[in-house]
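First the structure, then my questions, so here it is.
The values are calculated or read from the model by the stated rules, or taken from the named source; none is laboratory data. Quick caveat: nothing in here was measured; it's all calculated off a predicted structure. Cβ coordinates were reconstructed from backbone atoms using ideal geometry, including for glycine residues, and neighbour counts include every protein chain displayed.
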C-alpha cells in the first residue's frame, strides 16, 4: 500500500502550501505541527456537531470552545469537558 501523498490548504482550502508525506506517521507529523490549529478546530467542530445534535453548531460557541481547548496540552477528554460545560450545551432546548 502506498501511503504517500501531499496535503495542502491547511489554513484555508485555497492555500497552496503543499506538504509531502511518505507514510501515515509523516501525515500525522504534518497535522500535529503545521496543521495543529486548523486540525484542532475541525476536531472541535465535529465533536460540537455530534454533542449538540445539529449540523451547523453556533459559530460563537464553537470559537469559545476552540479558544479554551489547547490541544498541545490537553486531551480529547478535555475537549468534551469544554463542550458540555459550555453555556450553549447546558442551556439548549
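If you scan the range 49-93, which residues turn out to be touching a helix residue (DSSP H, G or I) at 6+ places or on another chain (Cβ under 8 Å) and at positive phi?
Hits for the range 49-93: nothing passes.
Report, by residue number, each residue of the range 32-56 that is without any contact (Cβ under 8 Å) to a residue 24 or more places away in the chain and farther than 30 Å from residue 91 by Cα.
32, 33
Inside the range 71-85, can you point out the residues that are assigned to a loop (DSSP other than H, G, I, E, B) and surrounded by 12 or more Cβ atoms within 10 Å (Cβ to Cβ)?
71, 74
Can you tell me which residue among 56, 45 is assigned to a loop (DSSP other than H, G, I, E, B), at pLDDT 85 or above and under 22 Å from residue 78 (Cα atoms)?
56
Before we move on, is residue 37 at pLDDT 80 or above and touching a helix residue (DSSP H, G or I) at 6+ places or on another chain (Cβ under 8 Å)? Even if it seems obvious, please write down each step before you answer.
Values: at pLDDT 80 or above: yes; touching a helix residue (DSSP H, G or I) at 6+ places or on another chain (Cβ under 8 Å): no.
No.
Could you please give the count of residues in the range 23-34 that are in contact with a helix residue (DSSP H, G or I) (Cβ under 9 Å, 6 or more places away or on another chain) and surrounded by fewer than 16 Cβ atoms within 10 Å (Cβ to Cβ)?
Here the count works out to 1.
Only one of 13, 51, 20 is at pLDDT below 85, outside any loop (DSSP other than H, G, I, E, B) and either loosely packed, with under 14 Cβ neighbours inside 10 Å or under 16 Å from the mean Cα position of the chain (by Cα) (or both). Can you tell me which?
The conditions single out 51.
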